[in-house]
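Scroll down for the structure; my scribbles are underneath it.
The values are calculated or read from the model by the stated rules, or taken from the named source; none is laboratory data. Keep in mind that this is a model prediction, so the values were computed, not measured. Ideal geometry is used to build each Cβ from the backbone, glycine not excepted, and the neighbour counts take in all protein chains shown. Just the protein is used for accessible areas: all its heavy atoms, side chains included, with ligands, DNA and RNA removed. Shrake-Rupley method; radii C 1.70, N 1.55, O 1.52, S 1.80 Å.
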Amino acid sequence: MSFPWAAQYTPTNPFMKWMDDRLPLPRLVFNSVGAGYPVPRNLNYFWNFGVLSGLALVIQIVTGIILAMHYAANSEIAFASVEHIMRDVNSGWLMRYLHANGASFFFIVVYIHIFRGLYYGSYKAPREMVWLLGLVIFLLMMATGFMGYVLPWGQMSFWGAQVITGLFAAIPVVGETIQQWLLGGFAPDNAALNRFFSLHYLLPFVIAGVIILHIWALHLPGSSNPTGIDVKGPQDTIPFHPYYTAKDGFGAGVFLILLAIMVFFAPNYLGHADNYIEANPLSTPAHIVPEWYFWPFYAILRAFTVDILFMPAKLLGVLAMFASILLLFFLPWLDKSPVRSGKFRPQFKIWFWVLIADVAVLGYCGGAPAEEPYVMISQLASMYYFAHFLIILPLISRTERPLPMPNSITEAVLGKDHDAAQPATAE
Amino acid sequence: MVRIIGFLVGLGFVGVLGYSLIIGAIAYMTEEEPGPTAYDYHHHAREISFASDGPLGRFDRQQLQRGFQVYREVCAACHSLEYVAFRNLTDLGFTEAEVDAIADQWPIQVPTVNEDTGEDTTRNAIASDHFPHVYANEVAGRAANNNAYPPDLSLMTKAREEGAAYVYSLLAGYEDPPADLPEEFQPGTGLYFNPYFANLNLAMPPPLSDGQVSYADGTEATVENMAEDVTAFLIWTAEPKMEDRKNLGLIVLIFLIFATTLAFLAYKNVWRDQKH
Amino acid sequence: MATEDHVEQPAGEQPEQEGVRRRDFLNIAAVSVAGVGGVIAILPLVNQMNPSADVLALSSIQVDLANIEPGQAVKTIWRKQPLFIRNLTAEEITEANAVDVSGLRDPETLAERTAEGHENWLITLAVCTHLGCVPLGAGQGENKGEYGGYFCPCHGSHYDTAARIRKGPAPTNLVVPEYEFTSDTTVTIG
């Protein structure tokens with residue numbers, strides 16, 4: 001689809017030929033993740049995480065459909081039905097622990113995938129649409145993850161739902177009406193649980209749909225690469241299959257080993273003890289914290305402690321939290337540096353690592369109780385977060401002097417020895 | 001244009017945050033040193049190890065049976081075990097006949113309906129029943145216990161920070177309040193001091209005393225031993241499939257490591273002629 | 001639309017123009033009516049998420065106050081949310097009235113927060129206005145915070161004896177629901 005030297009699909013037998021003339025599905029696969037998709041030859045292991053995200057989604061959908069066969073979305077018996085899965089359903093404990101830890105692993109690989117895109121400038125022209133669709137997937141994942149955490153109907157489920165829908169109540173005038181509309185009541189209850197279950201089942205398939213668009217948009221310009229230099233000719237690329245399918249197979253193995261270690265030997269490490277207590281509207285847990293993957297955003301929410309003019313602190317916090325994600329949609333136009341890869345951007349590189357540390361600090365503060373010194377630290381860290389994207393990146397994209405870059409991907413891989421590079425073809 | 005608006009929005013957020021930070025920092029500096037809090041007298045759970053710890057840990061069936069005895073003779077008077085069924089006790093090494101007898105002799109009966117009249121009545125428990133609730137409902141539980149509802153114990157070792165170590169420490173950790181304990185943290189009437197409990201004082205009187213049960217296997221019934229045994233039992237009630245999980249885990253890991261090694265070799269094989 | 005159609009008309013057939021406009025109008029009208037119908041059809045789809053009739057039926061309750069002594073408070077449930085009903089002592093009322101209202105984050109007097117003639121009855125939602133936790137202070141021996149009212153353990157909001165926010169992150173006072181005294185000892189909430 002993208003490069004003129006891409007291998008063409010040729011049906012190997014009469015049936016495939018017949019099929020190709022009527023529904024060219026094998027051709028589509030061949031062109032998108034097969035030998036017909038030329039990919040830069042110099043991708044490093046950080047390029048494994050896109051495929052790993054897809055693998056995580058498949059694990060979530062499969063285990064989720066199975067759990068839904070045994071789970072009861074009714075506030076009276078939801079908690080007991082989860083225990084029924086854990087104790088009585090054959091392999092039920094395995095499905096539930098895979099699903100609960102799989103969600104965390106989905107977010108881990110997606111966060112690495114996002115930070116890879118940030119460092120190597122994958123969001124820049126001509127791949128802006130890939131980046132935007134990726135952010136849509138991220139938002140859908142957050143909604144799905146939040147609603148999924150409500151389903152076991154433990155204390156954190158209930159109070160998480162209360163706090164997160166309470167964010168909408170911060171909107172002036174119509175806020176409370178919106179919260180009641182979201183919950184279908186005055187507090188989280190059966191109505192809320194049922195609609196969250198319905199949407200939690202639906203959204204993963206929406207995510208799968210947006211992933212198809214994400215990959216479609218990627219295949220027009222082709223994959224980015226660690227040097228950020230455009231592909232110049234056949235010598236720069238290598239067919240996706242068998243080269244990157246083999247590499248992704250290895251990556252998937254490592255991913256599954258790590259997932260298995262958590263599922264089988266520390267299945268509750270990433271969870272919260274309070275969620276093994278059934279939801280009780282009359283008793284609040286001492287620290288309400290969301291799942292770990294929301295902690296950085298939760299820290300930004302809580303960093304706003306002072307009312308400014310007519311804006312109460314809570315509304316400011318909610319605005320800032322949404323802004324912290326929405327601003328990523330404008331990133332391709334905020335960072336105008338023509339150099340994509342952070343490798344050749346000496347200043348950008350420093351700020352990038354500060355950002356990584358900053359998000360880690362925000363995450364730590366978001367999981368900590370809302371006391372000093374965590375509030376002050378999260379205020380400092382939130383300041384940097386906004387400054388990084390809205391002030392520092394636009395400024396350094398004007399002032400920075402990029403390092404000298406190689407002329408081509410092949411040169412980056414082989415040094416100046418052009419002759420050694422032969423166009424690679426699928427056998 | 002995007003960058004100018006972004007710049008202003010960024011400055012706005014940074015400004016508000018900076019202002020909040022200054023206000024917070026001033027308040028933090030000028031605030032008086034707060035008096036002692038309950039947290040200053042709170043202890044972290046004691047270190048304790050169980051046979052079931054670690055990837056290779058398995059339950060000690062003898063200990064689980066002793067723990068069940070402590071639950072039955074001490075805890076079951078107030079605390080339910082609603083997610084566990086009598087039939088599950090075969091996991092502890094009881095025979096089916098023994099389980100039937102335990103269910104049949106359980107002091108609390110199971111609600112049912114009279115076949116002839118349709119009136120509510122009760123019957124003896126059978127193996128397929130879950131452990132019956134001690135109180136008909138939470139209100140009855142509160143009324144019988146000075147307004148403190150005894151929680152269900154099925155998931156207790158997973159439902160508290162520090163898990164099993166916390167349960168053990170709490171059971172074995174009752175002590176007299178320290179001499180310097182401020183008035184506000186002194187146990188009121190009907191409350192008992194326990195430094196492992198986050199609020200320092202709890203409504204449950206010390207449940208265990210030396211020699212309270214007599215173990216059939218000759219283990220000495222000290223408070224420490226009983227607390228440890230019943231905690232081991234509660235680890236099992238919270239996670240009855242733990243042994244299945246660890247056994248399957250080892251097999252899965254061995255397979256995955258083998259498969260991933262092969263995948264790595266295949267990857268290197270495919271790429272052997274390609275510089276990258 | 002109209003201009004495009006017009007361009008396609010061969011020259012010299014001007015009289016057709018009126019008819020074309022009329023036919024275009026029909027098309028536009030059809031699309032508009034279908035659009036309006038589509039938007040109206042969405043309304044029930046959105047409205048079904050609002051609280052249902054059985055939930056709304058529980059929206060008002062009656063509480064008997066006869067057994068609550070001064071200084072005592074009870075927690076009850078209203079609309080599946082906890083509610084504090086507190087019988088203030090004379091000292092607590094004095095304390096609440098002694099506060100300079102203009103210096104408060106959410107300035108309200110005790111009189112504005114209670115019913116006329118029943119100023120000792122402080123009825124508020126037991127839901128912290130910060131992030132919805134249940135504050136402490138109603139039960140005996142619970143932490144009442146630095147101002148002797150309620151204390152939210154989640155993020156440390158302190159409320160005074162009129163349940164007004166005095167310290168901590170909560171933006172407003174504990175919410176006073178709509179209620180009416182049907183007799184001296186019964187109140188209808190909601």
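Would you please put A:355-364, A:33-42 in order of how densely packed they are, using the mean number of other Cβ atoms within 10 angstrom per residue and starting with the highest? Walk me through the numbers before you get to the answer.
Values: A:355-364: 17.8, A:33-42: 22.1.
So the peptides A:355-364, A:33-42, ranked by packing, come out A:33-42, A:355-364.
Determine how many Å³ per residue the convex hull of the Cα atoms of the range B:1-82 encloses.
On the way: hull volume 25.2 nm³, N = 82.
Roughly 307 Å³ of hull volume per residue.
Please report Rg (one decimal) and Dmax (integer) in Å for the Cα set of the range A:1-104.
21.3, 61
Got a number for carbon plus sulfur as a percent of the range A:291-413's accessible area, 1.4 Å probe?
On the way: 3670 of 5100 Å².
About 72 percent, which is the carbon plus sulfur part of the accessible surface.
Taking the Kirkwood radius as the inverse of the mean 1/r across Cα pairs, report the Rg/Rh of the range A:94-247. Present the calculation step by step, with values, prior to reporting the outcome.
Working: Rg = 20.0 Å, Rh = 18.3 Å.
Reported Rg/Rh (Cα atoms, Kirkwood Rh): 1.09.
Which whole-number percent is the relative contact order of the range B:86-191 (Cα, under 8 Å, 6+ apart)?
Working: 81 pairs, mean separation 16.8, N = 106.
Relative contact order, the range B:86-191: 16 percent.
Does any residue of the range A:270-293 lose at least 50 Å² of accessible area with all protein chains in place compared with its chain alone, and if so which ones (probe 1.4 Å)?
Buried by 50 Å² or more upon assembly, which counts only protein chains, are A:273, A:276, A:282, A:284.
Evaluate peptide B:243-252: per residue, the Cβ atoms of other protein chains within 10 Å of its Cβ; return the mean as an integer. Numbers along the way, then the final one.
On the way: counts 0, 4, 7, 2, 1, 6, 7, 3, 1, 8.
Per residue, the average neighbour count from other chains is 4.
I'd like the Kirkwood hydrodynamic radius of the range B:72-134, using the inverse of the mean 1/r over distinct C-alpha pairs, in Å.
Details: mean 1/r = 0.0808 Å⁻¹.
Computed over the range B:72-134, the radius equals 12.4 Å.
Using only the alpha carbon atoms of the range B:139-183, find the Kirkwood hydrodynamic radius as the inverse mean reciprocal pair distance, in angstroms to one decimal. Show your work: numbers first, answer last.
On the way: mean 1/r = 0.0771 Å⁻¹.
Answer for the range B:139-183: a Kirkwood hydrodynamic radius of 13.0 Å.
May I ask you to work out the translational diffusion coefficient for chain A at 10 °C, viscosity 1.306 mPa s, via Stokes-Einstein with Rh from the Kirkwood sum over Cα pairs, reported in whole µm²/s? Walk me through the numbers on the way to the answer.
Working: Rh = 23.9 Å.
Roughly 67 µm²/s, to the nearest whole number.
With every atom except the alpha carbons ignored, what do you get for Rg and Dmax of chain B, in angstroms?
That works out to 27.5, 85 Å for Rg and Dmax.
Which number do you get for Rg(Cα) / (2.2 N^0.38 Å) in the range A:305-374? Present the calculation step by step, with values, prior to reporting the outcome.
Working: Rg = 16.1 Å, N = 70, 2.2 N^0.38 = 11.1 Å.
For the range A:305-374, the normalised Cα radius of gyration is 1.45.
Give me the 1.4 Å probe accessible area per residue for the protein assembly as shown, excluding ligands and nucleic acids, in Å². Before the final figure, lay out each step's value.
Values: 43360 Å² over 893 residues.
Accessible area per residue: 49 Å².
Based on the Cβ-Cβ distance from residue C:182 to residue B:146, what FRET efficiency comes out when R0 is 25 Å, to the nearest 0.05?
Numbers: r = 33 Å, r/R0 = 1.33.
The value I calculate is 0.15.
When the accessible area of the range B:149-271 is computed with all protein chains present and a 1.4 Å probe, what percentage of it is carbon and sulfur? Display every interim value, and only then the final one.
Working: 3340 of 5690 Å².
Heavy-atom surface of the range B:149-271 belonging to carbon and sulfur, 1.4 Å probe: 59 percent.
Take peptide B:264-270, look around each residue's Cβ out to 10 angstrom, count Cβ atoms belonging to other protein chains, and average those counts.
Working: counts 7, 2, 6, 11, 3, 2, 9.
For peptide B:264-270, the averaged partner shielding equals 6.
Please compute how much accessible surface disappears when A pairs with B, both sides summed, using a 1.4 Å probe, and round it to the nearest 100 Å².
Numbers: alone 21290 and 17830 Å², together 33940 Å².
Summing both chains' loss of accessible area gives about 5200 Å².
Given R₀ = 22 Å, what would the calculated FRET efficiency be for residue B:73 paired with residue B:53, taking r from the Cβ atoms and rounding to 0.05? Walk me through the intermediate numbers first.
Numbers: r = 26 Å, r/R0 = 1.19.
Given R0 = 22 Å and the Cβ-Cβ separation, E is 0.25.
Normalise the Cα radius of gyration of the protein assembly as shown by 2.2 N^0.38 Å (N = residues in it) and let me know the number. Before the final figure, lay out each step's value.
Working: Rg = 32.6 Å, N = 893, 2.2 N^0.38 = 29.1 Å.
Rg over 2.2 N^0.38 Å, computed on Cα atoms: 1.12.
Using +1 on the beta carbon of Lys and Arg, -1 on that of Asp and Glu, and nothing else charged, what's the dipole of the protein assembly as shown about the Cα centre, debye to 20?
On the way: 52 positive and 87 negative charges, 985 e Å.
About 4720 debye.
What is the magnitude of the charge dipole of chain B about its Cα centre, with +1 placed on the Cβ of each Lys and Arg, -1 on the Cβ of each Asp and Glu, and no other charges, expressed in debye to the nearest 20?
Values: 17 positive and 38 negative charges, 384 e Å.
The dipole magnitude comes to about 1840 debye.
Determine the relative contact order of chain A: mean sequence separation of Cα pairs under 8 Å and six or more apart, normalised by residue count, in whole percent. Can you show the working numbers first?
Numbers: 532 pairs, mean separation 94.7, N = 427.
With pairs under 8 Å counted, the relative contact order is 22 percent.
Compute for chains C and A the buried accessible surface, both sides summed, probe 1.4 Å, and express it in Å² to the nearest 100.
Values: alone 11620 and 21290 Å², together 30760 Å².
In total, chains C and A hide about 2100 Å² from solvent.
What residue among B:1, B:202, B:165 has its Cα farthest toward the positive end of the dipole of chain B, where the charges are +1 on Lys, Arg and -1 on Asp, Glu, each on the Cβ?
So the residue furthest toward the plus end is B:1.
Let me know the mean shielding of A:380-391 by other chains, meaning the per-residue number of their Cβ atoms within 10 Å of its Cβ. Walk me through the numbers before you get to the answer.
Details: counts 3, 1, 6, 9, 2, 4, 10, 5, 1, 3, 11, 9.
Average neighbour count from other chains, rounded to a whole number: 5.
What is the calculated FRET efficiency for residue B:139 to residue C:52, with r their C-beta to C-beta distance and R₀ = 30 Å, to the nearest 0.05? Intermediate results must be reported in sequence, preceding the final value.
Working: r = 27 Å, r/R0 = 0.90.
The computed FRET efficiency comes out at 0.65.
Taking Cα pairs under 8 Å and at least six residues apart, what relative contact order does the range B:122-276 come out at, in percent?
Numbers: 116 pairs, mean separation 28.4, N = 155.
Once divided by the residue count of the range B:122-276, the mean separation gives 18 percent.
Quick one: angle between helix A:128-150 and the longest Cα principal axis of chain A, in degrees between 0 and 90, rounded to 10, please.
In chain A, helix A:128-150 runs at an angle near 30 degrees to the longest axis.
By per-residue mean of other Cβ atoms within 10 Å, what is the highest-first order of B:148-156, A:146-154, B:194-202?
Values: B:148-156: 20.6, A:146-154: 23.7, B:194-202: 18.7.
Descending packing order for the listed peptides: A:146-154, B:148-156, B:194-202.
Give me Rg over Rh for the range B:88-237, both radii from the alpha carbons and Rh done the Kirkwood way, two decimal places.
Working: Rg = 18.8 Å, Rh = 18.2 Å.
We get a ratio of 1.03 for the range B:88-237.
What is the mean projected area of the alpha carbon convex hull for the range B:52-174, to one decimal in square nanometres? Intermediate results must be reported in sequence, preceding the final value.
Working: hull surface 38.6 nm².
Mean orientational projected area (the range B:52-174, Cα hull): 9.7 nm².
Among the listed pairs A:17/A:247; A:124/A:336; C:75/C:144; A:232/B:275, which are separated by more than 20 Å between their Cα atoms? Kindly include the intermediate steps, with their values, before the conclusion.
On the way: A:17/A:247 30 Å; A:124/A:336 8 Å; C:75/C:144 14 Å; A:232/B:275 17 Å.
Pairs exceeding the cut-off: A:17/A:247.
Mind ranking A:90-99, A:369-378 by how tightly packed they are, going by the mean number of other C-beta atoms within 10 angstrom, highest first? Each step should come with its number before you reach the end.
On the way: A:90-99: 19.9, A:369-378: 18.3.
Sorting A:90-99, A:369-378 by mean packing, highest first, produces A:90-99, A:369-378.
Over all directions, average the projected area of the Cα convex hull of the range C:27-173 and note it in nm². Walk me through the numbers before you get to the answer.
Numbers: hull surface 52.8 nm².
For the range C:27-173, averaging the hull's shadow over all directions gives 13.2 nm².
Using a probe of 1.4 angstrom, how much of the accessible area of the range A:1-157 is carbon and sulfur, in percent?
Values: 4570 of 6320 Å².
Taking all protein chains in place, the range A:1-157 shows 72 percent carbon and sulfur surface.
If you take the alpha carbon radius of gyration of the range A:291-413 and divide it by 2.2 N^0.38 Å, what ratio comes out, to two decimals? Walk me through the numbers on the way to the answer.
Values: Rg = 17.2 Å, N = 123, 2.2 N^0.38 = 13.7 Å.
With N residues counted in the range A:291-413, Rg over 2.2 N^0.38 Å equals 1.26.
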